[in-house]
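To start, the structure under review is shown below, and the notes come after it.
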Amino acid sequence: TTTDDIKINADNKNLKIGAGEDLSLFHNGTDSRIVNTTGDLSIRSNSLKLASNTGEEYLRATANSSVDLFHDNVVKLTTNSDGYRSNDNVKAQFGNASDLTIFHDGSHSRIYNSTGNLSVRSAVFDVLNADGSERMMKATADAGCELFFNGDLKLQTRNTDTVFYDDIRLGDN
């Protein structure tokens, strides 16, 4: 401690700043508080970290770069120029009991729904291969469904009938 330090050596005393005492800093014996009662509380830095007393990070923000959110000192979510990203096996969970979970396990992408129906609403529902070059299935509202094999239409439902585009084989034939 130097003689230039400003000290308030008592709990429950406020350091009030501003003509209307709009900014307060205080410690109540248990918790420390920064209270701003007007406008924005602006913290400016090229790099900002929020961390525990032991250095465990909660949040890291870097100017012209990313914001990282941590859990147990491990990055779980990172913003980037086109949205955000999470690492493998980090789950996006929805519902009070995490009823809907979406994640990538390093090899496969997974969507799990543990309650009710998993509904997808769309006028046209297309299922394509990984690079989008080949249709596997298409369902169109009020127009039917189509199943494809290797990009070729094999089965089509219509309002009057079902059309098969190959031999019909049932069982082990």
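The values are calculated or read from the model by the stated rules, or taken from the named source; none is laboratory data. Source: prediction; values computed, not measured. Quick reminder, even Gly has a Cβ in these numbers, built from the backbone with ideal geometry, and neighbours come from all protein chains shown. Quick note on the areas: whole protein, heavy atoms, side chains included, nothing else; ligands and nucleic acids left out. Shrake-Rupley method; radii C 1.70, N 1.55, O 1.52, S 1.80 Å.
Less than 5 angstrom separates the built amide H of residue 76 from those of 69, 70, 71, all sequence-distant by 5 or more or on a different chain. From the alpha carbon centroid of segment 18-79 to that of segment 83-107 is 26 Å. Could you tell me the calculated FRET efficiency between residue 12 and residue 56, based on Cβ-Cβ distance and R0 = 30 angstrom, to the nearest 0.05? Taking R0 as 30 Å, the efficiency between residue 12 and residue 56 is 0.55.
Sequentially through segment 132-139, phi angles give Karplus couplings (6.51, -1.76, 1.60; θ = phi - 60°) of x, 8, 9, 7, 10, 7, 9, 10 Hz, Gly and Pro residues having no value and appearing as x.
Cross-link partners for residue 154 among the lysines, with Cα-Cα distance under 30 Å and sequence neighbours closer than 8 places in the same chain left out: 138.
Legend: residue pairs 7/49; 13/49; 7/76; 49/91; 16/76, Cα-Cα distance threshold 31 Å; pairs beyond threshold, 7/76; 16/76. Each of residue 153 and residue 19 was given a label point 7 Å from its Cα along the Cα-to-Cβ line. The distance between the two points is 7.6 nm.
Ordering 134, 57 by accessible surface, largest first, gives 134, 57; the 1.4 Å probe counts only protein heavy atoms, with every chain in place. Once volume of the Cα convex hull per residue in Å³ is calculated for the structure shown, the corresponding label among (i) 184; (ii) 265; (iii) 125 turns out to be (ii). Of the peptides 155-163, 36-44, the ranking by mean beta-carbon count within 10 Å, highest at the top, reads 155-163, 36-44.
How high is the relative contact order of the chain, given as a whole-number percent (alpha carbon pairs under 8 Å, six or more residues apart)? Numbers along the way, then the final one.
Numbers: 235 pairs, mean separation 10.9, N = 173.
Rounded, it is 6 percent for the chain.
Extension gain for the segment residue 112 to residue 44, taken as residue separation times 0.36 nm less the Cα-Cα distance, is 20.4 nm to one decimal.
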